[in-house]
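These notes are about the structure you will find just below.
The values are calculated or read from the model by the stated rules, or taken from the named source; none is laboratory data. These figures come from a predicted structure and were not determined experimentally. Glycine also receives a Cβ, built like all others from the backbone with ideal geometry; neighbour counts cover every protein chain displayed.
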Amino acid sequence: MTKYIIKRVIMALITLLIITFVLFLLVRIMPGNPFPSERMSAAAIAKKRAEMGLDNPMMVQFWNYIKTLITTGSFGNGSALYNGAPISSVLPVAMSNSFRIGGIAILFGVFVGLILGIAAALNRGHFWDVFCTVLSIIGVCVPSYVFMIFLQYFFAYKVTIFPFYFDSARFLHSAIMPALSLSLFSMSTVARFTRNEMVEVMDSDYVLLASAKGMYGTKLVTKHILRNALIPIVTVIAPLIVDLLTGALVVEKIYGINGIGKLMVDSITGEGVDYNYVLALGILYSALYIVIMLILDIAYGLLDPRIRVSSSKEG
Amino acid sequence: MKKKNLKASLNAAAVEAYIPKDEDFVLEMDQDITTDRNYASQGFWKGVFTRFFKNVRAVIGIVIIVLIIILAVIGPNISGHGYAEVIKITNDSGKKVLAKSLPPRIPGLHKLFTGEDYDDDFGDSTFLFGTDTMGRDLWTRVWYGARVSLLIAFVTIIIDMIIGMSYGLISGFFGGVADVIMQRFVEVANSVPRLVIVGVLATFMTKGIWLVIVALLLTEWIGMSKIARAEMLKIKEQEYIMASKTLGANNFTIIFKDVLPNTIGPIITQIMFSIPTAIFTEAFLSFVGVGIVLPQCSIGSLISDGFTNITTLPYQILPPIIVLALLMLAFNFVGDGVREALAPRIEDM
């Protein structure tokens with residue numbers, strides 16, 4: 001198992017390094033202007049370029065970038081956003097906002113989705129099953145941001161239960177709506193998957209055998225059915241978290257949350273695209289994605305011994 | 001001799017005695033009699049079509065898609081207004097009035113329910129979905145936007161299919177070192193979130209339709225290539241490929257003439273699920289502000305426009321949202337239907 005984890009971690013690190021390099025290269029090579037040129041003289045631009053080391057060879061620039069990133073944790077300064085404040089001072093605030101809301105959303109979505117799925121599988125053809133099907137259809141065909149818009153319209157505008165905009169001073173109260181709307185999609189997907197997997201496992205021979213041996217109730221569900229049904233569900237959670245990242249972009253726009261999604265949008269839609277922000281956020285997003293994949297890979301190995309064995313035989 | 005005569009006469013009597021009538025051959029309608037199509041000998045694709053059209057949800061999906069496509073083609077033209085046309089109407093006193101932010105108005109219906117004509121400046125002009133804050137006809141814009149969104153989805157998915165399928169087939173066919181390298185590349189490409197690609201693209205591309213298309217092109221081919229590779233690995237061990245090799249077919253022929261036609265089923269399923277993803281991504285990018293630019297519009301940019309005025313003019317956001325939801329629903333239904341029709345499970349038969 002240790003060997004499996006080490007191998008996975010090393011591969012993830014290499015992938016991240018390659019992606020960082022490609023992103024760096026793309027952002028630096030491509031034509032595009034980090035400075036809104038009509039407001040700066042040519043000499044000022046040249047001075048700024050030299051200051052930022054944009055005239056060095058590409059490999060040197062990359063090496064410097066990685067070196068400062070690892071030793072000081074600094075992504076450099078933004079050029080247009082927040083008056084050129086260091087990115088590493090802006091990021092933590094944004095990350096804490098985004099992660100807290102995203103975390104609530106994914107926990108809520110997976111938890112409620114699991115319960116709904118289990119309820120649907122145990123009461124096939126009854127209320128919870130129908131409810132689960134309807135929910136999954138809504139979750140698939142209504143994009144989460146549409147759901148957000150309606151939530152906001154009804155619960156913040158028509159009936160003022162929740163505040164219209166996010167306010168980090170009253171975190172829980174104002175985070176409920178964004179988190180709820182973000183979690184809809186993951187909830188419906190997890191519910192549908194859980195239901196289908198549970199039904200498949202419940203029809204299998206070993207569950208029949210277990211119940212023939214006299215096992216019933218909670219023990220049968222948790223020990224035999226759920227554990228086997230959970231394995232494929234782990235695989236859906238990874239793309240869900242990624243969807244959450246993109247969904248967060250819109251939810252942050254709609255609810256006015258100062259998160260990484262809003263930073264990303266600001267850095268690419270403002271006048272004069274901000275090189276350093278795009279690069280920093282690109283690395284951050286890719287790293288997040290890779291770490292999530294890594295964790296789920298390992299969780300997958302822990303849950304299903306067969307995968308662990310076959311992959312350690314290979315390598 | 002006598003016996004024979006007797007028999008003949010008996011026979012004749014029986015024939016005379018009973019002549020079958022039409023009523024004797026009535027089909028018993030209360031029994032569930034259908035043709036057994038599952039085991040009848042028929043072509044593969046015919047079976048797929050039969051199973052597909054027996055699926056109610058899939059048929060509903062197809063009907064919705066066809067309706068939306070028809071409306072997207074003819075819709076913008078039947079209202080008589082251009083998608084970017086700012087509508088000004090001359091009122092009774094001869095002044096030109098900007099027809100902005102009108103709720104949906106259909107004079108005929110209004111008269112039917114209230115018994116009188118509209119008594120404002122706009123007389124008997126019809127706006128099925130109303131107008132937006134700039135005074136443009138929303139009916140035209142919604143269907144024009146649907147056209148743009150569908151076009152983006154179809155174009156990118158077809159190109160992605162060609163790229164992804166070739167990549168996957170080649171990777172799977174040659175195996176060995178080539179496969180390892182190509183799969184490592186896919187792995188790395190797959191670990192870059194789409195958002196990051198959009199961000200990087202936005203550093204050097206102008207915002208608009210092409211940014212959306214390129215972003216979709218760069219991400220959607222991966223799923224397609226994975227499926228094509230898996231199919232190739234399955235098919236290349238079969239006898240007919242060996243036969244083809246023995247007869248001296250070159251690699252190109254084997255990959256694209258022998259294997260490709262047999263991978264089409266799973267690929268179609270993947271396409272059906274990719275199209276809603278593409279429509280959704282476009283809507284989402286336009287909503288955030290890196291997609292379609294004014295005065296052009298797409299479903300996403302219309303939702304974005306509607307969202308800015310949701311508290312005062314909530315009806316503006318409804319038509320694009322409903323069209324988007326219907327499209328997503330329909331393509332998902334059709335995708336499920338195609339998947340089930342292509343790979344029927346025994347219990348469905």
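State yes or no: is A:M59 surrounded by 15 or more Cβ atoms within 10 Å (Cβ to Cβ), more than 25 Å from B:T206 (Cβ to Cβ) and modelled with pLDDT of 70 or more? So A:M59 does not fit the description; no. Total residues in segment A:125-155 satisfying the condition of being over 14 Å from A:F193 (Cα atoms) and within 14 Å of chain B (Cβ to nearest Cβ): the figure is 16. Screening B:M205 with (1) aliphatic (A, V, I, L, M); (2) away from every other protein chain (no Cβ under 13 Å); (3) without any contact (Cβ under 8 Å) to a residue 12 or more places away in the chain; (4) over 23 Å from B:P261 (Cα atoms) gives one miss only, at (2). Against the condition free of Cβ contacts under 8 Å to residues at least 60 places away in the same chain and more than 14 Å from chain B (Cβ to nearest Cβ), how does A:S204 come out, does it pass? When the stated conditions are applied, A:S204 passes them. From the list B:G306, B:G291, the one residue that fits, being more than 20 Å from B:W45 (Cβ to Cβ) and at the interface with chain A (Cβ under 10 Å from one of its Cβ atoms), is B:G306. It is to be established whether one or more residues within segment B:153-160 are within 14 Å of chain A (Cβ to nearest Cβ) and of a type in the set (V, I, T). No, every residue in segment B:153-160 fails to be within 14 Å of chain A (Cβ to nearest Cβ) and of a type in the set (V, I, T).
Can you list the helices (runs of 4 or more DSSP H) found entirely within segment B:143-260 that contain at least 3 residues being aliphatic (A, V, I, L, M) and closer than 24 Å to B:A283 by Cα? Steps first, please.
Values: elements: B:176-190, B:194-204, B:209-235, B:239-246.
By residue number, B:194-204, B:209-235.
Going by the structure shown, is A:G282 at pLDDT 75 or above, buried (at least 22 other Cβ atoms within 10 Å of the Cβ) and more than 11 Å from chain B (Cβ to nearest Cβ)? So A:G282 does not fit the description; no.
Of all the helices (runs of 4 or more DSSP H) wholly in segment B:14-122, which have at least 1 residues that are of a type in the set (S, T, Y) and at pLDDT 65 or above? Give the steps one after another, and end with the answer.
Numbers: elements: B:44-54, B:56-78, B:107-114.
Correct list: B:44-54, B:107-114.
For segment A:1-16, a residue qualifies if it is among the aliphatic types (A, V, I, L, M), more than 10 Å from chain B (Cβ to nearest Cβ) and in a helix (DSSP H, G or I), and the qualifying residues are A:I5, A:I6, A:V9, A:I10, A:L13. Taking A:L294 as the residue in question, decide whether it is at pLDDT 80 or above and at the interface with another protein chain (Cβ under 9 Å from one of its Cβ atoms). So A:L294 fails the test. The numbered conditions (1) closer than 17 Å to A:F99 by Cα; (2) at pLDDT 75 or above; (3) assigned to a helix (DSSP H, G or I) are all true for A:L302 except (1). Per the conditions (1) surrounded by 13 or more Cβ atoms within 10 Å (Cβ to Cβ); (2) modelled with pLDDT of 75 or more, the sole criterion not satisfied by A:P92 is (1).
Within segment B:227-244, is there a residue that is within 14 Å of chain A (Cβ to nearest Cβ) and among the acidic types (D, E)? No: segment B:227-244 contains no residue that is within 14 Å of chain A (Cβ to nearest Cβ) and among the acidic types (D, E). Total residues in segment B:290-316 satisfying the condition of being modelled with pLDDT under 80 and among the hydrophobic types (A, V, I, L, M, F, W, C): the figure is 7. Each residue in segment A:194-226 was checked for being in contact with a Gly (Cβ under 7 Å, 6 or more places away or on another chain) and of a type in the set (A, V, I, L, M, F, W, C), and 1 of them qualify. At the interface with chain B (Cβ under 10 Å from one of its Cβ atoms) and modelled with pLDDT under 70: is that true of A:L288 in this structure? Judged against the criteria, A:L288 is not a match. Residues in segment B:308-345 that are free of Cβ contacts under 8 Å to residues at least 24 places away in the same chain, touching a helix residue (DSSP H, G or I) at 6+ places or on another chain (Cβ under 6 Å) and assigned to a helix (DSSP H, G or I) were compared, and the one that is surrounded by the most Cβ atoms within 10 Å (Cβ to Cβ) is B:I321.
Could you please find all residues in segment B:50-68 being within 13 Å of B:E340 (Cβ to Cβ) and among the β-branched types (V, I, T)?
At the first step, the residues of segment B:50-68 found to be within 13 Å of B:E340 (Cβ to Cβ) are B:50-59, B:61.
Within segment B:50-68, B:T50, B:V56, B:V59 meet the criteria.
Across segment B:185-202, the number of residues qualifying as more than 7 Å from chain A (Cβ to nearest Cβ) and of a type in the set (D, E) comes to 0. Given the condition within 23 Å of A:Y216 (Cβ to Cβ), aromatic (F, W, Y) and part of a helix (DSSP H, G or I), answer yes or no: does some residue in segment A:115-130 qualify? Taking every residue of segment A:115-130 in turn, at least one turns out to be within 23 Å of A:Y216 (Cβ to Cβ), aromatic (F, W, Y) and part of a helix (DSSP H, G or I).
Quick one: is B:L324 more than 18 Å from A:Y255 (Cβ to Cβ), within 11 Å of chain A (Cβ to nearest Cβ) and not β-branched (V, I, T)? For B:L324, the condition - more than 18 Å from A:Y255 (Cβ to Cβ), within 11 Å of chain A (Cβ to nearest Cβ) and not β-branched (V, I, T) - is met. Looking at segment B:270-285, can you tell me whether even one residue there is facing another protein chain (nearest Cβ under 9 Å), of a type in the set (S, T, Y) and over 19 Å from the mean Cα position of the chain (by Cα)? Within segment B:270-285, not a single residue is facing another protein chain (nearest Cβ under 9 Å), of a type in the set (S, T, Y) and over 19 Å from the mean Cα position of the chain (by Cα).
Residue-by-condition table, conditions (1) outside any helix (DSSP H, G or I); (2) aliphatic (A, V, I, L, M); (3) more than 29 Å from A:I295 (Cα to Cα); (4) in contact with an Asp or Glu (Cβ under 6 Å, 6 or more places away or on another chain):
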site	(1), (2), (3), (4)
A:V140	no, yes, no, no
A:A156	no, yes, yes, no
A:T160	yes, no, yes, no
A:S174	no, no, yes, yes
A:S188	no, no, no, no
A:F193	no, no, no, no
A:N228	no, no, no, no
A:P232	no, no, no, yes
A:A238	no, yes, no, no
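Please verify whether segment A:172-181 includes one or more residues that are more than 12 Å from chain B (Cβ to nearest Cβ), loosely packed, with under 14 Cβ neighbours inside 10 Å and under 25 Å from the mean Cα position of the chain (by Cα). Within segment A:172-181 (the criterion being more than 12 Å from chain B (Cβ to nearest Cβ), loosely packed, with under 14 Cβ neighbours inside 10 Å and under 25 Å from the mean Cα position of the chain (by Cα)), the answer is yes, since at least one residue qualifies.
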